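Written out below as structure tokens is the structure these notes cover.
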Amino acid sequence: MAINSGISSDRSILNIDRETVNAKLGMEACIAIMRQAQIDQYSQTAHCPARNFVQVANDNQLLIMPAASTEIVGTKILTLFPTNTSSDIPVIQGVIVLFDRNTGSPLATIDAASVTAIRTAAASAAATEALAQQNAKSLAIIGSGVQAKSHIEAMMQVRAIETVRIYSRNSNSASQLAKETRALFGIECDVETSPQNAAAGAEIICTVTSSRDPVIYAEWLAPGCHLNLVGAHSPDMREVDTATIQRASVFLEDTEMALKEAGDIAIPIAEGELKLDQIKGDIAEVYLGNKIGRSSRSEITLYKSLGNAIQDITAAHALYKSVT
């Protein structure tokens, strides 16, 4: 049964396509879902082991990411094929498979890319709601892909954004995103010629790039800004320089995973420029009220996202319940 066939049944297994995900998994609701997913993982009522990478030819990969909570069991299965950049086939493709928590019976296969686009931005929005200045109105987006678009929508849910500045190496894509943003939200949205210009004075910055090297530097940051680092997903990739990590109050999606897989954190530690006790903690500790997120207007706060299978299966399960 094809994944792109809407909602269909094959021996009681639903197949849910991209269009249905986009129609049924709303951003506002997903923000609350992601906040609870992080709490569940931190509280160990939900569990996911480290993601499993299987190398394929030409640096292509198969990723397998299982998870279980008190409500659902599931696995996210992705292919990451950078060689697809020269074709119309997406670089990342995959499905989320859900299983009944009590019987182990398969329940649904769901388009993974569309769920990931929404839940990643929703997790950033939950962190932004907890960490950014309450009156933050200006947003900088570094990158212009799917996550850039999703993050603009997500930030609009938690702060009264009035201006957006976009920088991307792909100027045509950035211009199209700016046009869509103006049309959708009726706000000022401009394309900048450098990441420095985009970040200048911004109260919220979201980096959603595939860069292996910093695209944001500490000296560019306005006092009191909040950063969501989303794009870098391996130990040798980072989107900000070491000085930014040193200057900011850093909160992580998952400390154990970040130390292994987040170059934004792992590289400064390897350089001897960051110690583990300088990291404020997991973002769930702020959600639970165990730690203070922002302590002053001038404090720079930072949330490092990697994404995890708990987020995926929790969002997918909420979607599954909405269509059954």
Quiz item: In whole Hz, what ³J(HN,Hα) sequence does the range 231-240 give by Karplus (6.51, -1.76, 1.60; θ = phi - 60°), x for Gly and Pro?
Solution: x, 6, 9, 9, x, 9, 10, 7, 10, 10
Quiz prompt | Stretch gain in nm, segment Lys179-Ala32, where the contour uses 0.36 nm per residue and the Cα spacing is subtracted | solution = 50.0 nm
Quiz item: Which distance in nm do the two modelled labels at Asp88 and His47 give, with both placed 7 Å along the Cα-to-Cβ direction?
Solution: 4.5
Exercise. Can you check what the Kirkwood hydrodynamic radius comes to for the chain, Cα pairs only, in Å to one decimal?
Key: 19.9
Quiz prompt | the range 124-308 - Rg over Rh from alpha carbon coordinates, Kirkwood radius | solution = 0.94
Practice problem: In nm, give the distance between the simple-model label positions of Glu188 and Thr103, each being 7 Å from the Cα along the Cα-to-Cβ direction. | Solution: 5.8
Quiz prompt | Rel. contact order, % - alpha carbon contacts under 8 angstrom, at least six apart, the chain | solution = 18
Self-check item: Relative contact order %, the range 124-308, counting alpha carbon pairs below 8 Å whose residues are six or more apart
Solution: 22
Quiz prompt | At R0 = 45 Å, FRET efficiency that the Cβ-Cβ distance of Val56 and Ser295 yields, to 0.05 | solution = 0.45
Quiz item: Can you list, largest first and rounded to whole Å, the semi-axes you get for the range 59-158 by taking the square root of 5 times each eigenvalue of its Cα gyration tensor?
Solution: 28, 22, 9
Exercise. Starting from 0 in steps of 10 Å, tell me what percent of the Cα-Cα pairs of the range 90-211 lands in each bin.
Key: 13, 40, 28, 12, 6, 1
Quiz prompt | Candidate lysines for bridging to Lys275, where Cα separation is under 28 Å - those fewer than 8 sequence places away on the same chain excluded | solution = Lys260, Lys291, Lys304
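No value in this document is a laboratory result; all are computed from the given coordinates. Note that this is a predicted model, so its numbers are computed, not measured. Note: ideal-geometry Cβ built from the backbone for every residue, glycine included; neighbour counts use all protein chains shown.
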